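Colleague: Quick one: the structure is below, questions incoming.
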């Protein structure tokens, strides 16, 4: 097993010390960390690209940056992942416009040009509601946590269900993501169990962490779901997407090999665009 980076060890030790004093205090510290992305700083050219596409959405959240490229009758929504931004979709946008879609997107809370003091899947989903209601996208594409949020939003807003989802390396169980962070930081089971219990406080409905599972939410989604997942993904296991395909007839898994979790490749762009084009035919 590779050595844990010293910074992570230090952070985990601090959380564990706080947890020994008060499990709730340690858990709050852990949850604060989990909800505090350190997104890559955007280049000036990237900021200008995003700024040029900003548009106002009725009832949109004032701290969220909403974007639209193209003026077509049909729209397509792109949801980025953790510590990313809408700029990740730049290689896709022109090609999707050429297929006759307006492309819409947001920077998730605490990401890109959006402002917020924390991030989680529930807040991401809430930020999307006004955009989805206004534009009613025909197709939704999401990467990583953006893929999970696509499913979460579709399950909770069925009246605005798109015709298809294309998910790139999506999360299945958010609880598994907690386990990854626990391992990374060396946090104790005691602190982590309290942190997981405190997830209920993040939503007005009091949803437990078990609510945030794609394999449960997909039960409410009747439309086709294409998943692209790489067998070499070291962050979110390929086996989880394989499990979703085995569970649901409307899920089709397209496996890749050698692109990792980020799936940053012109080959992936071509594959996604081809799926959209086949849907549009």
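The values are calculated or read from the model by the stated rules, or taken from the named source; none is laboratory data. All values reported here derive from a predicted model rather than from experimental measurement. All Cβ positions, glycine included, derive from the backbone under ideal geometry; neighbour counts span all protein chains shown.
Colleague: Exactly one of these conditions fails for residue 103: (1) touching a strand residue (DSSP E or B) at 6+ places or on another chain (Cβ under 6 Å); (2) more than 21 Å from residue 274 (Cα to Cα). Give me its number.
Modeller: With respect to (1) touching a strand residue (DSSP E or B) at 6+ places or on another chain (Cβ under 6 Å); (2) more than 21 Å from residue 274 (Cα to Cα), residue 103 is out only on (2).
Colleague: Quick one: residue 126 ticks every box in (1) more than 23 Å from residue 239 (Cβ to Cβ); (2) at pLDDT below 95 except a single one, so which number is it?
Modeller: (2) is the only condition that residue 126 fails.
Colleague: Something else about it: I'm trying to understand the selection: among the residues of the stretch 136-161, which are within 25 Å of residue 236 (Cα to Cα) and not in a helix (DSSP H, G or I)?
Modeller: Just the residues of the stretch 136-161 that are within 25 Å of residue 236 (Cα to Cα), to begin with: 139-156.
Those that are within 25 Å of residue 236 (Cα to Cα) and not in a helix (DSSP H, G or I): 139, 140, 141, 142, 143, 144.
Colleague: Only one of 247, 198, 202 is surrounded by 18 or more Cβ atoms within 10 Å (Cβ to Cβ), out of contact with any strand residue (DSSP E or B) (no Cβ under 9 Å at 6 or more places or on another chain), in contact (Cβ under 8 Å) with a residue 12 or more places away in the chain and more than 19 Å from residue 143 (Cβ to Cβ). Can you tell me which?
Modeller: On the way: 247 fails: surrounded by 18 or more Cβ atoms within 10 Å (Cβ to Cβ); 198 fails: surrounded by 18 or more Cβ atoms within 10 Å (Cβ to Cβ).
Of the residues listed, the single one that is surrounded by 18 or more Cβ atoms within 10 Å (Cβ to Cβ), out of contact with any strand residue (DSSP E or B) (no Cβ under 9 Å at 6 or more places or on another chain), in contact (Cβ under 8 Å) with a residue 12 or more places away in the chain and more than 19 Å from residue 143 (Cβ to Cβ) is 202.
Colleague: Taking residue 267 and the conditions (1) surrounded by fewer than 17 Cβ atoms within 10 Å (Cβ to Cβ); (2) touching a helix residue (DSSP H, G or I) at 6+ places or on another chain (Cβ under 9 Å); (3) under 25 Å from residue 83 (Cα atoms), which numbered condition does it fall short on, given that it satisfies the others?
Modeller: Answer for residue 267: the failing condition is (2).
Colleague: Which of the numbered conditions does residue 124 fail, given that it passes all the others? Conditions: (1) without any contact (Cβ under 8 Å) to a residue 60 or more places away in the chain; (2) surrounded by fewer than 21 Cβ atoms within 10 Å (Cβ to Cβ).
Modeller: (2)
Colleague: Can you tell me which residue within the stretch 217-236, out of those that are surrounded by fewer than 20 Cβ atoms within 10 Å (Cβ to Cβ), in contact (Cβ under 8 Å) with a residue 40 or more places away in the chain and under 18 Å from the mean Cα position of the chain (by Cα), is nearest to residue 147 (Cα to Cα)?
Modeller: My answer is 217.
Yes or no, residue by residue, for (1) crowded, with 24+ Cβ neighbours inside 10 Å; (2) modelled with pLDDT under 95; (3) not in a loop (DSSP other than H, G, I, E, B):
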residue	(1), (2), (3)
134	no, no, yes
165	yes, no, yes
182	no, yes, yes
187	yes, yes, no
215	no, no, yes
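Colleague: Take residue 58 and decide whether it is surrounded by fewer than 13 Cβ atoms within 10 Å (Cβ to Cβ) and touching a residue at least 60 places away in the same chain (Cβ under 8 Å). Working first, answer last.
Modeller: Details: surrounded by fewer than 13 Cβ atoms within 10 Å (Cβ to Cβ): yes; touching a residue at least 60 places away in the same chain (Cβ under 8 Å): yes.
The answer is yes for residue 58.
Colleague: Scan the stretch 19-32 residue by residue and report those that are crowded, with 16+ Cβ neighbours inside 10 Å and touching a residue at least 40 places away in the same chain (Cβ under 8 Å). Quick ask: steps written out before the conclusion?
Modeller: Let us first name the residues in the stretch 19-32 that are crowded, with 16+ Cβ neighbours inside 10 Å, namely 19, 23, 25-31.
The answer is 19, 23, 26, 27, 28, 30, 31.
Colleague: Sticking with this structure for a sec: Would the stretch 97-119 turn up any residue that is free of Cβ contacts under 8 Å to residues at least 12 places away in the same chain and under 24 Å from residue 265 (Cα atoms)? Explain how you work it out, then say what you get.
Modeller: The initial filter retains those residues of the stretch 97-119 that are free of Cβ contacts under 8 Å to residues at least 12 places away in the same chain, namely 98, 117.
Pick out the ones that are also under 24 Å from residue 265 (Cα atoms) and you get 98.
Yes, there is a match, as at least one residue in the stretch 97-119 is free of Cβ contacts under 8 Å to residues at least 12 places away in the same chain and under 24 Å from residue 265 (Cα atoms).
Colleague: Residue 274: outside the structural domain of residue 12 (by TED's automatic domain parsing), within 24 Å of residue 98 (Cβ to Cβ), at pLDDT 95 or above and over 18 Å from the mean Cα position of the chain (by Cα), yes or no? Outline the logic, then answer.
Modeller: Values: outside the structural domain of residue 12 (by TED's automatic domain parsing): yes; within 24 Å of residue 98 (Cβ to Cβ): yes; at pLDDT 95 or above: yes; over 18 Å from the mean Cα position of the chain (by Cα): yes.
Spelling it out, residue 274 is indeed outside the structural domain of residue 12 (by TED's automatic domain parsing), within 24 Å of residue 98 (Cβ to Cβ), at pLDDT 95 or above and over 18 Å from the mean Cα position of the chain (by Cα).
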